[in-house]
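One structure below.
The values are calculated or read from the model by the stated rules, or taken from the named source; none is laboratory data. All figures in this text were calculated on a predicted structure; none of them were measured in a lab. Positions of Cβ are generated from backbone atoms using ideal geometry, with glycine treated the same way; all protein chains shown enter the neighbour counts. Just the protein is used for accessible areas: all its heavy atoms, side chains included, with ligands, DNA and RNA removed. Shrake-Rupley method; radii C 1.70, N 1.55, O 1.52, S 1.80 Å.
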Amino acid sequence: MITVQNVHKWFGDLHVLKGVSLQVNKGDALVVIGPSGSGKSTLLRCINLLVQPDEGDVIIDGVKVNDPRIRPEWVRQQVGMVFQSFNLFTHLNALENVMIGLRKVKRMDRAGAEQMARFELERVGLADKADAYPAQLSGGQQQRVAIARALALNPKAVLFDEPTSALDPEFIREVLDVMTKLAEEGMTMVVVTHEMGFAHNVADRVLFMADGVVVEEGTPDEVFDRPQKERTQAFVGKILG
C-alpha cells in the first residue's frame, strides 16, 4: 500500500532524512519509534506530501505520488493524517468539523456529508457529541473528532503523528482504544508514537529511527525483546526501563 524508497530531505543544511526506505502492506499497522529529532514526523509528512522529498520515491497503491504531475491534494485524500495538535475549526461543531472535508474536497451534498460524518463520529465513540464545539470537548474527544475527520474521506491509509502527545494522561487511553479498533478493522496505518504499550500490542511491525535513518525494523517482539543493534538496545532499555 505504501512504499518509501531511499527518501532524503534537507531543511537548509540540516539533513533530516538520510535515505529512508520502508514498506507498509494493506491492512498493516506500522509503528515508528525513536528519539526526538530522528526524522519521524518529517517522514510522515513526506508520505502525504505536506513536505516534498528532495530525493527518492513515495509510492501509494502503485502510484508514485511525488511525481510533479500528481496533485498533493489528491494524495491527501488517499492518505489521511492525524496530528499532535487537533487542528479543529473552533467555530464549527464536531459534526461540521468532520463534514467540512466531504463538502469542500469531495463536493458531497449536505445530507450525504452529514450522514457520513455521523457514522464516523459513532465509529470513534462520539455520536452524542455531534453538536459540541471544540472548546466544550476534552483533549481526547477533540483528537477523536480529528480521527473521524481523517476517516470520513475514506482514505487508503491513515498517518498518526504522535496523536496522544498533547493529551493529559487520563485521555490517552480513549484515543489509543480507537486506534486499536481501527487496526483490528484492517485500516492501513503508520503511527509515530512514544506509547510503547500500544506499539507492542497493536503493531504488525515496528521501525526504530535515529538520526534520520532506519536503524532497525522487525516485529514488536524482535525490536522490544531482542533488539540487534546497540542504538536500539540503548533506546529500548531507556524507554522500557
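Dipole orientation for segment 90-204: of the candidates 189, 151, 138, 151 has the Cα lying most toward the positive pole (charges on Cβ; Lys, Arg +1; Asp, Glu -1).
The phi-based Karplus calculation (6.51 cos²θ - 1.76 cosθ + 1.60; θ = phi - 60°) puts the 3J(HN,Hα) values of segment 206-223 at 10, 10, 9, 10, 8, 6, x, 10, 7, 7, 7, 9, x, 5, x, 4, 5, 6 Hz, whole numbers, x for Gly and Pro. Across segment 122-135, rounded Karplus estimates of 3J(HN,Hα) from the backbone phi angles (6.51 cos²θ - 1.76 cosθ + 1.60, θ = phi - 60°) give 5, 4, 9, x, 10, 4, 7, 10, 4, 8, 7, 8, x, 5 Hz, Gly and Pro being marked x. Close amide H contacts of residue 70 (hydrogens built in the peptide plane, cut-off under 5 Å, sequence separation of 5 or more or a different chain): none are found. Surface exposure of the chain, expressed per residue as accessible area with a 1.4 Å probe, stands at 47 Å².
Ignoring ligands, DNA and RNA, please state the percent of accessible area on segment 195-241 from carbon and sulfur, probe 1.4 Å. Walk me through the numbers before you get to the answer.
Numbers: 1070 of 2470 Å².
It is 44 percent, rounded to a whole number.
Annotation for segment 119-150 versus segment 161-212: alpha-carbon center distance of 18 Å. For segment 6-14, putting each phi into the Karplus relation 6.51 cos²θ - 1.76 cosθ + 1.60 with θ = phi - 60° gives couplings of 6, 7, 10, 9, 10, 10, x, 7, 8 Hz, in residue order, rounded to whole numbers and with x for Gly and Pro.
Between residue 126 and any residue 5 or more places off or on another chain, the built amide H atoms are never under 5 Å apart.
The trypsin sites (Lys or Arg not before Pro) of segment 29-108 that meet both conditions, a loop assignment by DSSP and at most 15 other Cβ atoms within 10 Å of the site Cβ, are 69, 106, 107.
Amide H contacts under 5 Å for residue 51: 46, restricted to partners 5 or more places along the chain or on a different chain, H placed in the peptide plane at 1.01 Å from N.
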